[in-house]
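What follows draws every value from the coordinates through simple rules; no lab data is involved. All values derive from a computational prediction rather than experimental measurement. No Cβ is skipped: glycine too gets one built from the backbone with ideal geometry, and neighbour counts run over all protein chains shown.
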Amino acid sequence: MSQSNDQTAPDLPWRTRIAVSIGTTVTDFCRRDNGTINRRLLKLLELTIPATGKPETVHGKPGTTVTAKDITLDPAKNLWVRVFAPNGKPEGNAKSSFPVIIYFHGGGFTFGSPASRGFHHLCKRFSGEIPAVVVSVNYRLSPENRYPAPYEDGVEVMRWISGAGRKSSGDGALPENADVSRCFLAGDSAGANILHHVGYQTTKSADEFWPVKVAGHILLQPFFGGEERVPSELRITNAPIISINRTDWHWKFFLPENSNRDHHASNVFGPNSQEIGDLDFPASLVLIGGLDPLQDWQRRYIFMAIEMDNAS
């Protein structure tokens with residue numbers, strides 16, 4: 001694609017354009033230059049959906065229903081999960097069980113929750129169409145909670161799944177037909193970044209999370225970066241939602257003070273990255289958006305992961 005074509009505003013469906021415009025306007029208006037968020041205003045403007053504990057029909061799939069419930073793990077941290085469970089029995093499965101997807105939502109580490117309208121519908125669709133039990137994580141947000149807060153929350157959720165979430169019964173547990181030996185970590189944008197770091201811990205210390213077995217990672221347009229400006233960041237300047245100014249703001253107020261974007265949280269294969277070469281990571285699926293300015297960072301992640309796999 002030519003330089004001039006990349007500078008042109010993308011031709012998106014009108015409904016998508018409206019949704020993107022509203023979402024971007026709201027988040028920009030609530031995000032302050034001094035590194036704070038107007039949470040009170042954001043709460044008024046954000047569209048959320050409650051978990052009713054009653055069957056909900058999956059859009060476009062008449063007869064397919066999913067039940068969602070919220071489970072609080074740590075009130076002091078506001079750490080909770082929204083569990084989506086398919087109604088009915090698994091088809092063609094001798095074990096009569098569902099795989100488990102642990103989902104981390106996007107939002108630049110700053111915005112969103114499992115109750116956000118888009119993430120609720122997405123996880124409900126995953127649960128009904130795959131089908132699978134989906135555990136959507138409400139982790140602590142920045143700038144109030146910087147690195148490593150969301151990573152710690154993700155690991156705590158994995159420990160809960162391996163223990164109380166699996167063993168207990170009733171409203172505070174996973175469904176009995178949730179097969180924790182077939183877990184997948186999934187996430188979009190900042191959530192995919194969290195996924196990588198949680199996956200690092202669960203791979204490095206796999207025995208601590210038994211009987212949980214992570215079969216794969218699913219990264220949707222992961223949020224990675226570094227001090228370098230990769231070609232796609234310089235080329236794609238008119239993309240919806242993502243811009244250099246916005247991503248720099250999110251990194252600045254998520255990473256530890258006095259660090260830069262080459263911190264291992266953002267530049268996961270950079271000069272300060274963690275030693276992961278000897279770890280046996282599960283298979284990964286990485287989705288790259290054609291309009292995402294961060295796509296070269298995402299490609300670099302894929303290439304480095306392939307190199308690491310070939311070297312092992």
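In whole percent, what relative contact order does the chain give with Cα contacts below 8 Å and a gap of six or more residues?
17 percent
To two decimal places, what compactness ratio does the chain give when its Cα radius of gyration is scaled by 2.2 N^0.38 Å?
It is 0.99.
Counting DSSP beta bridges in the range 48-310, what percent are antiparallel, to the nearest 5?
Around 45 percent of the beta bridges assigned by DSSP in the range 48-310 are antiparallel ones.
In debye, nearest 20: dipole of the range 216-312 around its Cα centre with unit charges on the Cβ of K, R (+) and D, E (-)?
The calculated dipole for the range 216-312 is roughly 440 debye.
Do you know the relative contact order of the range 103-242, to the nearest whole percent, from alpha carbon pairs under 8 angstrom that are 6+ apart?
Dividing the mean separation by the residue count of the range 103-242 yields 26 percent.
For helix 190-204, what angle does its Cα long axis make with the longest principal axis of the chain, in degrees from 0 to 90 and rounded to 10?
Taking the Cα atoms of the chain, the angle to 190-204 is about 60 degrees.
Where does helix 295-311 land angle-wise versus the long Cα axis of the chain, in degrees 0 to 90, nearest 10?
Helix 295-311 sits at roughly 60 degrees to that axis.
Helix 149-162 versus the longest principal axis of the chain: what is the Cα-based angle in degrees, 0 to 90, to the nearest 10?
Helix 149-162 and the main axis of the chain meet at about 20 degrees.
Calculate the length of the line joining the C-alpha centroid of the range 89-145 to that of the range 171-206, in whole Å.
Each part's Cα centre sits 10 Å from the other's.
Please list, ordered by chain and number, the residues whose modelled amide H lies under 5 Å from the amide H of THR64; skip anything fewer than 5 residues away on the same chain.
VAL58
Run the reach check for LYS69 against lysines, Cα to Cα strictly under 22 Å, same-chain hits fewer than 8 apart removed. What comes back?
List returned: LYS43, LYS54, LYS61, LYS77, LYS89, LYS124, LYS167.
So what is the calculated 222 nm ellipticity per residue for the chain, using -39500 (n - 2.57) for each DSSP H run with n of 4 or more, over all residues, to the nearest 500 deg cm²/dmol?
-10000 deg cm²/dmol
Starting from the amide H of GLY225, placed 1.01 Å from N in the peptide plane, find each other amide H under 5 Å away whose residue is 5 or more places distant or on another chain.
Answer set, sorted by chain and number: ASN267, VAL268.
Just PRO222, PRO114, PRO99 to compare: in a GNM of the chain, with alpha carbon springs under 10 Å, which one fluctuates most?
Among PRO222, PRO114, PRO99, the largest GNM mean-square fluctuation belongs to PRO99.
Pick from LEU185, LEU195, LEU279: which residue has the top mean-square fluctuation in a GNM of the chain where Cα pairs under 10 Å get a spring?
Most flexible of the set in this elastic network: LEU279.
Relative contact order for the range 1-157: what is it in percent, counting Cα pairs under 8 Å that are at least 6 residues apart?
20 percent
Could you identify which residue out of SER96, SER266, SER113 has the top mean-square fluctuation in a GNM of the chain using Cα springs shorter than 10 Å?
It is SER96.
Which of the GluC sites (Glu not before Pro) across the range 196-282 are loop residues per DSSP, with 11 or fewer other Cβ within 10 Å?
The qualifying sites are GLU257, GLU275.
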